[in-house]
2 protein chains.
Amino acid sequence: MSANKVLINGEWRNASFEAVFSPFSPQDGKQLTSEYPVSNWADCDDALNAAIKAHQALSCVSRQTIAKFLDGYANRITASCDRLVELAHQETGLAKSPRLADVEIPRTVSQIKLAAEAARTASWSQPIIDSTSNIRSMLQSIGPVAVFGPNNFPFAFGSISGSDFASAIAAGNPVIAKAHPSHPGTTKLFAELAQQAAEECELPKGTVQLIYAMSNDSGLKLVSDPRIAATGFTGSRPAGLALKKAAEDAGKLIYLELSSLNPVFVLQGALQERLVQIADEYVISCTMAAGQLCTKPGLIIVPKGDKGDQFVSMVKDKFESGPVAPLLSEGAAKNIKTIADKIMSAGATLLTSNTNEHSGFRCNNTLLSINGSDFLRNSEIFQLEMFGNASLIIRSGSTEESQCIIANLEGNLTGCFYTDTNGSDDDEYQQLEPFLRPKVGRIINDKMPTGVAVSLAMNHGGPFPASGHPGFTAVGMPSSIKRFSALKCFDNVRENRLPDVLANKNPSPHTWRQIDGKWTTEDVSN
Amino acid sequence: MSANKVLINGEWRNASFEAVFSPFSPQDGKQLTSEYPVSNWADCDDALNAAIKAHQALSCVSRQTIAKFLDGYANRITASCDRLVELAHQETGLAKSPRLADVEIPRTVSQIKLAAEAARTASWSQPIIDSTSNIRSMLQSIGPVAVFGPNNFPFAFGSISGSDFASAIAAGNPVIAKAHPSHPGTTKLFAELAQQAAEECELPKGTVQLIYAMSNDSGLKLVSDPRIAATGFTGSRPAGLALKKAAEDAGKLIYLELSSLNPVFVLQGALQERLVQIADEYVISCTMAAGQLCTKPGLIIVPKGDKGDQFVSMVKDKFESGPVAPLLSEGAAKNIKTIADKIMSAGATLLTSNTNEHSGFRCNNTLLSINGSDFLRNSEIFQLEMFGNASLIIRSGSTEESQCIIANLEGNLTGCFYTDTNGSDDDEYQQLEPFLRPKVGRIINDKMPTGVAVSLAMNHGGPFPASGHPGFTAVGMPSSIKRFSALKCFDNVRENRLPDVLANKNPSPHTWRQIDGKWTTEDVSN
């Protein structure tokens, strides 16, 4: 068999494999001709050995060099934008413009450049100095990191181009990237650009490595291997939970971004005030990129009554008449259908009635509805995720019913409230928000949850099962870097032996440190 | 049966129990007469329900009130110092002075007062404001926290008086304390003082709760219950790992402080320069409080050769002639003997030869020795923890051998180097420290690891299996509070709906916030 080469220990080499796979073109559903290896454990083993050596060598590489690598890589991505967009469009069916070329590439490049800036200043490492007792601490690299990227963001969350990758590298860790099998070619191109940038900066061999696929068993073995320090995973709940168990049973860290329904509460006053606008925003959020976004509003809670009915009728029409984008895989379409059937068996009504046949991996926009009281009788089933262009409307009869709905929600990435601008919804907001907040990582007002800004204040995380640890965010530099670090304390350590960031003299005017309880960019005063 | 009452939902009430237990006096090994219940699940269930309500109510309690509670509680501890010391001395055998009265009480009181200060300023919550995109985030309370305290620090790590308790409360979480069965009376007295302080501040019922003991099954059920948010556990590795698995399989957080050997490397120059001083420090660190400290040096790496021989001979004499303090339980003494036997079977030599019979739970100070090459052949066995007045000397033949020893070490809380003052050890330090650092949470120079300062820069944590997550510290205000919090983001949330700490106006001149990348105590400029 012939297949694309894997990137291990700084070299593109033939994989050790027994099977190959080829991705599909979601636009027409046809299989592409390029073949990629499903690596045997031998490849993982070699990558792990190389990563251990790379991590040791990285401890002698300056933060400036790591920053230079990230900047150089970002520039190469910009320069190869057209090829990346073409390939990703072919493999994922996502629109070239605006999505891939005008949104995701700039976001990816900006994220990597912010990671470079973070590596340069080291402010992300939160240096803390207790000058009286001469105890100093900071976050430092943790060791080899495995990154499992998702199918839906081939660039910004890609295993060798996204936030997990940039975060792990910025902290000084080597990355073993596991491509998502829906876009191996795109991932390979990123790995080529990354490896070129790594060579240019003379980073240790094995700082960036790429394996396309492996058996489930090898995946479990990888995340729990003694040589791995942590894993970043974005994807489905079953796969994520299996990896979580394997990793944690071995005492290994794993950061997960799993399913989320992102409930949106539209309060009565908001409906009165701007029904059409909210309906538009909701429908776009559910159907853009075929709704394949981790923060797609999978649940919307709409009051019973005339205005609510009007809203439902309007969004139903828009779902039916709106464009139908391709899903990322054949399985994705089947999954929506299977879960919609389960939800209907449990009592939900299918509102949309399209039965159009589509080319490729398309599935009609799907909208369902359920009464609040029926939702409450079987809330687990109604929280099964339809990852794609489908959503469930819950009709709530009262604030109390909405409180009960919230009480039955699982952990989510986001929770959103639409309220009117003149305060008539404020009472209800105050009665709902304190219950919703503990269930979500991000509370949003008056806009849909899709569109996760790369902001230093962002939280793209949340209570289990939205993520594995509610204290960390997967998006937002430099906060997301913290996941791939360990707290290191230097107690009575002589100054010439300290990391430069913890020395009395601040190595940079841009490095924030907490000295004796005060955040400052100054030196330690003697 | 009659037994002491448990504290559930704000009331001291009869426990639901089927068995009782009585603690022992380690000084003479006699069982005390007071009886404490081993609670049935019904007690845990009631406590969990009360904790959920308390957490909801706490969200409306001001940070100032929580701070007032912690201060009031600390003052009550100071006022009841004599009773606490008397009771703890009886139940643990730890010396009244200086240990309990002059070290542990002040440390405990200071720690709780620092937690009060942290609650007041909220700087621990790391408010981050992105004013351009109006995205703001901070750490907030997480929900009901279970705390399992250890046997060796009845005050400073106590389940209702220690760092876990103070940290969880400062973040706004209710605590279900599970007493350590070796000192239930001491824990009860703390709970009484805490409850009095809670009532004085009108904290919600169930903010502080106490259960003395429960079956292992109930313990596993408690940490994985849907109503619990996180657990703090300090204790033995087997118990900790069982709880870890139960909690994590249910998607629950658990912070563990488990076993640690705290390797100490004494380099050649340091031996030349101050052999006697280092020997003294080592012996005190191993035998003080019968060595029952999580940071006791359980491993010391000493160079082969004359100076090393002299050091070993001197510490052997000191172990033999030094005082023998009581251990906390009969099991502790047996455990040291069992592990020492295993280590000897694997090739270590017992250096100390005392065969004195002692009263109570005492065990002769025990010192063993092994060649570096023999250690490397069987490094797992030689890393079994002897929790108490026992330690293992490894004789290393070279820097390379020391590197190999490090490569075979498990994760530890601390790692220490003794080096000379004029630089002759610097080369070896540079060859060893980069390998030891990834294995420990705290690198120490020229002092023993015992004595964990409550410093804002402290790290009392480390890589697995020393702790469950290397990014967090169990000691050091306000850092330790972060463990019991969740990141909450407010995206486009109207200003009147924001937590005061995230509003444009800084609620306090002492609250540090990161605004647009800069740490400041100023307001957001408009």
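Some notes on this structure:
- Look at the stretch B:133-162: where a residue is under 15 Å from residue B:258 (Cα atoms) and a partner is hydroxyl-bearing (Ser, Thr, Tyr) and in a loop (DSSP other than H, G, I, E, B), sitting 6+ places away or on another chain with Cβ atoms under 6 Å, you get B:147/B:159; B:149/B:159; B:151/B:182.
- Entirely in the stretch A:227-289, the strands (runs of 3 or more DSSP E) that have 1 or more residues that are more than 14 Å from chain B (Cβ to nearest Cβ): A:230-234, A:264-266
- Number of positions in the stretch B:389-417 that are within 30 Å of residue B:329 (Cβ to Cβ) and of a type in the set (Val, Ile, Thr): 3
- Checking each residue in the stretch B:124-161 for being within 11 Å of chain A (Cβ to nearest Cβ), of a type in the set (S, T, N, Q) and surrounded by fewer than 24 Cβ atoms within 10 Å (Cβ to Cβ) picks out B:126, B:131, B:132, B:133, B:134, B:140.
- Residue tally, condition under 21 Å from residue A:227 (Cβ atoms), surrounded by fewer than 22 Cβ atoms within 10 Å (Cβ to Cβ) and among the polar types (S, T, N, Q), over the stretch A:15-67: 5
- Just one of the listed residues (A:316, A:307, A:296) is touching a helix residue (DSSP H, G or I) at 6+ places or on another chain (Cβ under 7 Å) and more than 26 Å from residue A:161 (Cα to Cα), and it is A:307.
- Here residue B:423 meets each of (1) more than 9 Å from every other protein chain (Cβ to nearest Cβ); (2) at positive phi; (3) surrounded by 17 or more Cβ atoms within 10 Å (Cβ to Cβ); (4) not polar (S, T, N, Q) with one exception, condition (3).
- Check on residue B:110, buried (at least 17 other Cβ atoms within 10 Å of the Cβ), of a type in the set (Ser, Thr, Tyr) and in contact (Cβ under 8 Å) with a residue 60 or more places away in the chain: no
- Top-ranked residue of the stretch A:485-526 - restricted to ones that are under 33 Å from the mean Cα position of the chain (by Cα), of a type in the set (Gly, Ala, Ser) and under 21 Å from residue B:517 (Cβ atoms), ranked as nearest to the other protein chains (Cβ to nearest Cβ): A:485
- Some residue of the stretch A:266-285 being in contact with a Gly (Cβ under 9 Å, 6 or more places away or on another chain), among the hydroxyl-bearing types (Ser, Thr, Tyr) and not assigned by TED's automatic domain parsing to the domain that holds residue A:439: no
- Filtered by the rule that a residue be facing chain A (nearest Cβ under 7 Å) and farther than 12 Å from residue A:485 by Cα, the stretch B:465-481 gives B:465, B:473.
- Qualifying residue in the stretch B:243-260 (condition: more than 16 Å from the chain's Cα centre (by Cα), over 22 Å from residue A:463 (Cα atoms) and surrounded by fewer than 19 Cβ atoms within 10 Å (Cβ to Cβ)): no
- Residue in the stretch A:453-464 that is modelled with the lowest pLDDT, counting only those that are touching a strand residue (DSSP E or B) at 6+ places or on another chain (Cβ under 8 Å) and facing chain B (nearest Cβ under 7 Å): A:453
- Restricting B:67, B:74, B:50, B:79 to those that are more than 28 Å from residue B:106 (Cβ to Cβ) and assigned by TED's automatic domain parsing to the domain that holds residue B:181 reduces the list to B:50.
- For the stretch A:34-71, a tally of residues being touching a residue at least 24 places away in the same chain (Cβ under 8 Å) and not in a helix (DSSP H, G or I) returns 9.
- Selection status of residue A:342, farther than 30 Å from residue A:30 by Cα and touching a Leu at 6+ places or on another chain (Cβ under 8 Å): no
- Residue B:86 at pLDDT 95 or above, within 14 Å of chain A (Cβ to nearest Cβ) and surrounded by fewer than 22 Cβ atoms within 10 Å (Cβ to Cβ): no
- For residue B:510, the criteria (1) crowded, with 21+ Cβ neighbours inside 10 Å; (2) in contact (Cβ under 8 Å) with a residue 24 or more places away in the chain hold in every case but one, which is (1).
- Number of the condition not met by residue B:424 [criteria: (1) of a type in the set (Gly, Ala, Ser); (2) touching a residue at least 40 places away in the same chain (Cβ under 8 Å); (3) out of contact with any helix residue (DSSP H, G or I) (no Cβ under 6 Å at 6 or more places or on another chain)]: (3)
- Options A:441, A:415: the member that is farther than 24 Å from residue A:280 by Cβ, within 13 Å of another protein chain (Cβ to nearest Cβ), surrounded by 24 or more Cβ atoms within 10 Å (Cβ to Cβ) and not hydroxyl-bearing (Ser, Thr, Tyr): A:441
- Residue check for residue B:97: assigned to a helix (DSSP H, G or I), surrounded by fewer than 18 Cβ atoms within 10 Å (Cβ to Cβ) and within 14 Å of another protein chain (Cβ to nearest Cβ): no
The values are calculated or read from the model by the stated rules, or taken from the named source; none is laboratory data. Keep in mind it's a predicted model, so treat the numbers as computed, not measured. Virtual Cβ from ideal backbone geometry, glycine too; neighbours counted across all protein chains shown.
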